[in-house]
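See structure below.
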Amino acid sequence: MDFEEIILHQRQFFAAHSTKDIDFRKQQLRKLKALLQANESALYNAIYKDFAKSEFDTYATELGLIYAEIDYFIKHLRGLSKPKRIRTNIANLIGSSKIYKEPLGVCLIVGAWNYPYQLTLLPMITAMAAGNTCVVKPSDLATNSSAAIAKLINENFPPAYLHVVEADLAQTTELLKNRFDKIFFTGSTRVGKIYHQAAAQHLTPITLELGGKSPAIVTKHANLQIAAKRIVWGKFINAGQTCIAPDYVYVHEDVKEQFLQHIKEYLDSFDYKEDSAHYTRIINEKHFDRLTNLIDSSEVVYGGRTLRDKRFIAPTVLDNITWNDSIMEEEIFGPLLPVLSFKSIDDTFHEITSREKPLAAYLFSDDKSEQHAFLNNVSFGGGCINDTLMHISNKNLPFGGVGNSGMGNYHSKYGFDAFSHSKAILKRAIWGEPNLKYPPYTNNKLNWIKRLLG
């Protein structure tokens, strides 16, 4: 696979300025949506082969979000691309100031396996909307989904505009030696550092969507039934293989037993059995083994059943967990829910903030002072109060991490900005200019400069 040739052709296509045309961008987005809709059955079949993800979950957590993002850009693209007039300061009068949104060029999009369509195609769609060309690398773990994406894109779009490469580790290493104008990576913090280093070699701007141990905090002032219901859904959808899933729960010791009872009731009612059509499997045996090694049977208060041949791990709740347990050492990324208890919410905030910043955080409380303290004392990428995961569904909110959980954000306008350069332009009149900035300099001129620039 000649990566240099693909990138060269994309660079030539971009230099011809076709992608800068708004009508071209909208036409390509409409074409992509029509292709996705026409091939939904193939996409459902492919992702089911990878890890038994249901048609409902695939539409709700992947295709539905993709269609909504395409529709957003088709509707708002002209406005997003329009030069924005801003105020001109006194020193530059008579003149006008504008910000022009300029596409960056050839982009590398690296998707993740846990939501192989959403996390690969959403950033690609955003890059297209911003006027770029794309080399797209889906995760090689979700092999069937990757092949479906490659077939759909490569058979219907010119490689000089969009091209999907299905690369293994060695090929990806070669791919990263090339210069791109933007890199967008979704995956683990460990691998994200590798992409960051590769981008630094060419001073390439990069967006990193990573992960971390995202907490859910349940206080005495929470509606415990609602908290349990929404945490169960947010944790065990996609079998816990969600970057913004609650990684663990901190619950006040006075309500812990009642909260755990509600957790068990909802797990029973949601029917996450091995033959369930709406419970996803673990992606591969390696991850299955990693997860099962984290289960200490003495701590299991619900679940714990595993079937390696089916890559099935039942939703498992572990109680009496502390930060000394191995399950608290790294992001779980699976259907295991550790429960920790607390007495003081301030101590809980301290425990969380003494570690790396998570991608998400969730507080369940109707107490405004606790909500205020949560928002002001805990740094994280994004999250919810009295819910989990749903912030990602609001296209008006940016999505991204902070610190070890990522850099930069995307979704709708924020993604458009991530794949664009804001070019600042001052346009001056050729008359009416005072001679203040030109020599010879005098004290009087200096005094005027201080007034104008102060």
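Could you run through segment 39-86 and say how many residues are within 19 Å of PRO398 (Cβ to Cβ), surrounded by 19 or more Cβ atoms within 10 Å (Cβ to Cβ) and among the acidic types (Asp, Glu)?
Number of matching residues: 1.
So which residues in segment 114-168 are among the acidic types (Asp, Glu) and at pLDDT 95 or above, if there are any at all?
If the condition is that a residue be among the acidic types (Asp, Glu) and at pLDDT 95 or above, then GLU155, GLU166 are the ones that fit.
Residue-wise test of (1) farther than 22 Å from PRO158 by Cβ; (2) out of contact with any Phe, Trp or Tyr (no Cβ under 9 Å at 6 or more places or on another chain); (3) not hydroxyl-bearing (Ser, Thr, Tyr).
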site: PHE3; (1), (2), (3): no, yes, yes
site: PHE13; (1), (2), (3): no, no, yes
site: SER18; (1), (2), (3): no, no, no
site: LEU36; (1), (2), (3): no, no, yes
site: ASN39; (1), (2), (3): no, yes, yes
site: ILE47; (1), (2), (3): yes, no, yes
site: ALA68; (1), (2), (3): yes, yes, yes
site: ASP71; (1), (2), (3): yes, yes, yes
site: LEU77; (1), (2), (3): no, no, yes
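Search segment 18-39 for residues being polar (S, T, N, Q) and out of contact with any Ser or Thr (no Cβ under 7 Å at 6 or more places or on another chain), and hand back the single one that is farthest from ALA150 (Cα to Cα).
Of segment 18-39, the ones polar (S, T, N, Q) are 18-19, 27-28, 37, 39.
Of the ones still in play, those that are also out of contact with any Ser or Thr (no Cβ under 7 Å at 6 or more places or on another chain) are 18, 27-28, 37, 39.
Values: SER18: 23, GLN27: 20, GLN28: 17, GLN37: 16, ASN39: 13 Å.
Only one residue tops the list, namely SER18.
If I filter segment 269-288 for residues that are crowded, with 19+ Cβ neighbours inside 10 Å, at pLDDT 95 or above, in contact with a Ser or Thr (Cβ under 7 Å, 6 or more places away or on another chain) and not in a helix (DSSP H, G or I), do I get at least one hit?
No; the residues of segment 269-288 include none that is crowded, with 19+ Cβ neighbours inside 10 Å, at pLDDT 95 or above, in contact with a Ser or Thr (Cβ under 7 Å, 6 or more places away or on another chain) and not in a helix (DSSP H, G or I).
Considering each of PHE374, PHE349, PHE380 in turn, give the residue that is at pLDDT 95 or above, touching a Leu at 6+ places or on another chain (Cβ under 6 Å) and over 30 Å from ALA91 (Cβ atoms). Full working, then the answer.
Details: PHE349 fails: touching a Leu at 6+ places or on another chain (Cβ under 6 Å); PHE380 fails: touching a Leu at 6+ places or on another chain (Cβ under 6 Å).
Unique residue meeting the criteria: PHE374.
For segment 291-299, state whether one or more residues are within 25 Å of THR61 (Cα to Cα), among the polar types (S, T, N, Q) and without any contact (Cβ under 8 Å) to a residue 24 or more places away in the chain. First the steps, then the outcome.
Keep residues of segment 291-299 that are within 25 Å of THR61 (Cα to Cα), which gives 291.
Checking the rest, the ones that are also among the polar types (S, T, N, Q) come to none.
No, every residue in segment 291-299 fails to be within 25 Å of THR61 (Cα to Cα), among the polar types (S, T, N, Q) and without any contact (Cβ under 8 Å) to a residue 24 or more places away in the chain.
Every residue in segment 22-68 that is over 22 Å from PRO138 (Cβ atoms) and either free of Cβ contacts under 8 Å to residues at least 24 places away in the same chain or not assigned by TED's automatic domain parsing to the domain that holds THR120 (or both), please.
ASP23, PHE24, GLN27
Yes/no per residue for (1) aromatic (Phe, Trp, Tyr); (2) within 26 Å of the chain's Cα centre (by Cα):
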position: ILE313; (1), (2): no, yes
position: ILE321; (1), (2): no, no
position: GLU329; (1), (2): no, yes
position: PHE333; (1), (2): yes, yes
position: SER341; (1), (2): no, no
position: SER344; (1), (2): no, no
position: ASP347; (1), (2): no, no
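Residue under question is VAL301, and the condition is that it be β-branched (Val, Ile, Thr), at pLDDT 95 or above and either surrounded by fewer than 16 Cβ atoms within 10 Å (Cβ to Cβ) or in a helix (DSSP H, G or I) (or both); does it hold?
Spelling it out, VAL301 is indeed β-branched (Val, Ile, Thr), at pLDDT 95 or above and either surrounded by fewer than 16 Cβ atoms within 10 Å (Cβ to Cβ) or in a helix (DSSP H, G or I) (or both).
Looking at this structure, is GLY382 closer than 28 Å to ILE109 by Cβ, crowded, with 17+ Cβ neighbours inside 10 Å and outside the structural domain of ILE183 (by TED's automatic domain parsing)?
The answer is yes for GLY382.
Tell me, yes or no, whether segment 251-268 has at least one residue that is touching a His at 6+ places or on another chain (Cβ under 7 Å), among the β-branched types (Val, Ile, Thr) and in contact (Cβ under 8 Å) with a residue 40 or more places away in the chain.
Within segment 251-268 (the criterion being touching a His at 6+ places or on another chain (Cβ under 7 Å), among the β-branched types (Val, Ile, Thr) and in contact (Cβ under 8 Å) with a residue 40 or more places away in the chain), the answer is no, since none of the residues qualifies.
Which of (1) assigned by TED's automatic domain parsing to the domain that holds PRO205; (2) modelled with pLDDT under 95; (3) among the hydroxyl-bearing types (Ser, Thr, Tyr) is the odd one out, the single condition TYR414 does not satisfy?
Result: TYR414 passes all but (2).
Mind telling me which of the residues ILE425, ILE449 ends up being outside any helix (DSSP H, G or I), surrounded by fewer than 18 Cβ atoms within 10 Å (Cβ to Cβ) and among the β-branched types (Val, Ile, Thr)? Explain how you work it out, then say what you get.
On the way: ILE449 fails: outside any helix (DSSP H, G or I).
The unique qualifying residue is ILE425.
Is there a residue being at pLDDT 95 or above and charged (D, E, K, R) anywhere in segment 395-402?
No, every residue in segment 395-402 fails to be at pLDDT 95 or above and charged (D, E, K, R).
Select the helices (runs of 4 or more DSSP H) contained entirely in segment 152-240, then report the ones holding at least 2 residues which are small (Gly, Ala, Ser) and touching a residue at least 60 places away in the same chain (Cβ under 8 Å).
Qualifying helices (runs of 4 or more DSSP H): 224-236.
Right, THR306: within 25 Å of PRO116 (Cα to Cα), free of Cβ contacts under 8 Å to residues at least 40 places away in the same chain and either surrounded by 16 or more Cβ atoms within 10 Å (Cβ to Cβ) or not assigned by TED's automatic domain parsing to the domain that holds SER369 (or both) or not?
yes
The values are calculated or read from the model by the stated rules, or taken from the named source; none is laboratory data. It should be emphasised that the depicted structure is a prediction, and the values quoted were computed from it without experimental measurement. Virtual Cβ from ideal backbone geometry, glycine too; neighbours counted across all protein chains shown.
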